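Working notes, beginning with the structure itself.
No value in this document is a laboratory result; all are computed from the given coordinates. Only a predicted model underlies this, so the values are computations on that prediction, with no experimental measurement involved. Cβ placement follows ideal geometry from the backbone for every residue including glycine, while neighbour counts extend to all protein chains displayed.
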Ligand code: FES
Ligand code: FES
């Protein structure tokens, strides 16, 4: 099976019914998508499949052969963060980071599809995503900032704290 992840083609050796989540994490060592509930309920495993947010824990890899998979690593790089990554950093929207990859990808898709800064609309778009740190207000602040087209120094949080470590949990 062939799979394109973040624009890079891969020849997949896992069995066809292996979840996309396991293929990403175990075979390709791309660990941003997280194994939370593994039942479709938390959103931590979300990736973009041809630009649409989908649960990778519920997706057999054979079902996405030929599709373009985007993980958060494909949005930007540490030196060239995508707007949603800048906004999450600036608004301090990540705490432990477990939900952050899925939240960012859903937020990215929301804005790409014309989503506005309306907080209820953002809540709806992120409704299937659970943040166990309960940082929802700052997450919505960050998504609204991207929808508005805000620009800012991503090395500073909205509270003025300088970011020194942009790493997350694996
Ligand atoms: S791990 Fe896939 S939805 Fe929770
Ligand atoms: S930042 Fe910890 S789960 Fe959301």
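Take every pair of alpha-carbon atoms less than 8 Å apart whose residues are at least six positions apart; their mean separation over the length of the chain yields a relative contact order of 23 percent. Rounded to 0.05, the FRET efficiency of the residue 11 and residue 96 pair, given R0 = 45 Å and the Cβ-Cβ distance, is 0.85.
Show me the ranking of peptides 126-133, 20-27, 87-94 by mean Cβ neighbours inside 10 Å, starting with the highest. Before the final figure, lay out the partial values.
On the way: 126-133: 17.0, 20-27: 20.8, 87-94: 24.1.
Top of the packing list down: 87-94, 20-27, 126-133.
Packing around the peptides 74-84, 56-66, taken as the average count of other Cβ atoms within 10 Å per residue, puts them in this order, highest first: 56-66, 74-84.
Rule-of-thumb check for the range 2-74: C-alpha Rg over 2.2 N^0.38 Å? Before the final figure, lay out each step's value.
Working: Rg = 10.6 Å, N = 73, 2.2 N^0.38 = 11.2 Å.
Rg over 2.2 N^0.38 Å, computed on Cα atoms: 0.95.
Rounded to the nearest 5, the antiparallel percentage of DSSP beta bridges internal to the chain is 85%. Packing, as the average of other Cβ atoms within 10 Å across residues, places the peptides 137-144, 48-55, 34-41 in the order 137-144, 48-55, 34-41, highest first.
Here the spin labels are modelled as points 7 Å beyond Cα on the Cα-Cβ line, and at residue 162 and residue 79 they lie 2.0 nm apart. Based on the convex hull around the alpha carbon atoms, the chain presents an average projected area of 9.1 nm².
Take every Cα pair under 8 Å whose residues are at least 6 apart in sequence, average their separation, divide by the length of the range 1-65, and the relative contact order is 34 percent.
Angle of helix 100-112 to the longest C-alpha principal axis of the chain, folded into 0 to 90 degrees and rounded to 10: 80°.
Against the main long axis of the alpha-carbon atoms of the chain, helix 136-148 sits at an angle near 90°.
What fraction, in whole percent, of alpha-carbon pairs in the range 79-153 exceed 15 Å separation? Roughly 45 percent, once rounded to a whole number. Fully extending the segment from residue 1 to residue 150, taken as 0.36 nm per residue of separation minus the present Cα-Cα distance, adds 49.6 nm.
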